[in-house]
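Scroll down for the structure; my scribbles are underneath it.
Computed from the coordinates by the stated procedures, all read-outs in this text should not be read as laboratory data. Values in this document were obtained by computation on a predicted structure and should not be read as measured data. Using ideal geometry, Cβ is built from the backbone for each residue, glycine included, and neighbour counts are taken over all protein chains shown.
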Amino acid sequence: MIRYDNTEKGIFLRRLNRFVAEVVINGAVTRAHVRNTGRCTAVISSGAEVSLQKSSDPNRATPYTLIAVNTPQYGWVNLDSLAPNKMAGEWLKGQGFVNIRPEYRFGDSRIDFYSEKNGEKYLVEVKGCTLESGGVGLFPDAPTSRGAKHLRELASAAAKGYRPVIAFVIMLNGIREVRPNSAIDPEFAEEYSRAMQAGVSTQFITCRCTAEEVYLT
């Protein structure tokens, strides 16, 4: 489980750029660091209630970090891009994987996790999902050449004796499946199809999100 301390509620106003947003906290406009480079427009818009973590550094340019947004459909949706990898690491431990190594160098990429189970070597690439349509999660919510590159690396790993996995960590309450978002990123969708044919498997990791917590379901 992840639990954020020093959290406060606020109102989202607008995103100034990929990394900074304007929010209102206790009637005052301030800035918050956005730890998510995706568009996130399907879940957050002006006027939305948000959860923010106050920085312990009084000199930081952004006094807060945006953690989650309260949505009508799914309740709280976590937007912290560091959370999916933390939850995937906990999931691997809970499923009996051993020798878990994050940021594993393979080919021209760093794959999120190397791990072992029952004498087999696994490579696990993690993707956080905060977008859905018709009750099904979609990834990505913005074009990602890096994501397509990771799929090609996983496909090549299958030919070298690894058990490659793409793990979608779902940050939307109630969503249990993710599919490639071909409308947004056709290259990722094509590489995903090729990767499945090459022996890459898919894992859906579901989470329960609140204003202050994320935990595995």
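Placing +1 on the Cβ of each Lys and Arg and -1 on the Cβ of each Asp and Glu in the range 20-62, which of V23, H33, S46 has its Cα farthest towards the positive end of the resulting dipole?
Result: H33.
Mark the label point 7 Å from the Cα of K93 along Cα→Cβ and return the residues of the range 119-143 whose backbone N is within less than 15 Å of it.
none
Step through the table entries K54/K93; K9/K54; K86/K160; K9/K86, compare each Cα-Cα distance with 19 Å, and write down the pairs that go over it. Write out the running numbers ahead of the final one.
On the way: K54/K93 30 Å; K9/K54 10 Å; K86/K160 27 Å; K9/K86 23 Å.
Violating the 19 Å Cα-Cα cut-off are K54/K93; K86/K160; K9/K86.
Modelling each spin label as a point 7 Å along the Cα-to-Cβ direction, I'd like the S109/K149 distance in nm, to one decimal.
0.9
Quick check for me: using +1 on Lys/Arg Cβ and -1 on Asp/Glu Cβ, what's the dipole size of the chain about its Cα centre, in debye to the nearest 20?
Numbers: 27 positive and 23 negative charges, 60 e Å.
Computed about the Cα centre, the dipole is about 300 debye.
Charges on Cβ only, +1 for Lys and Arg, -1 for Asp and Glu, centred on the Cα centroid of the range 83-216; of P143, Y122, I111, which one is farthest towards the dipole's positive end?
Y122
Counting other C-beta atoms within 10 Å, which of S46, S51, S193 has the fewest, and how do the rest follow?
S46, S193, S51
In the range 68-176, which trypsin sites (Lys or Arg not before Pro) fall in coil by DSSP and have 16 or fewer other Cβ atoms within 10 Å?
Numbers: sites: K86, K93, R105, R110, K117, K121, K127, R146, K149, R152, K160, R176; in loops: K160, R176.
Answer in residue order: K160, R176.
Calculate the length of the line joining the C-alpha centroid of the range 35-109 to that of the range 121-195, in whole Å.
17
Of all DSSP beta bridges in the chain, what percent run antiparallel (nearest 5)? Walk me through the intermediate numbers first.
Working: 43 of 63 bridges.
Percent antiparallel among DSSP bridges in the chain is about 70.
Taking only C-alpha pairs under 8 Å that are 6+ residues apart, what is the relative contact order of the chain in percent?
19
Fewest Cβ neighbours within 10 Å first, please rank E212, E120 accordingly.
Values: E212 16, E120 10.
Fewest to most other Cβ atoms nearby, the residues stand as E120, E212.
Within the range 152-211, list the GluC sites (Glu not before Pro) lying in a DSSP loop whose Cβ has at most 15 other Cβ atoms in a 10 Å radius.
Numbers: sites: E153, E177, E187, E190, E191; in loops: E177.
Answer in residue order: E177.
Step by step: find N for the chain, compute 2.2 N^0.38 Å, then divide the Cα radius of gyration by it. What's the final number?
Here the Cα radius of gyration is 1.05 times the empirical estimate.
Could you tell me the relative contact order of the range 2-78? Use alpha-carbon pairs under 8 Å, at least six residues apart, and round to a whole percent. Numbers along the way, then the final one.
Details: 156 pairs, mean separation 22.3, N = 77.
Relative contact order, the range 2-78: 29 percent.
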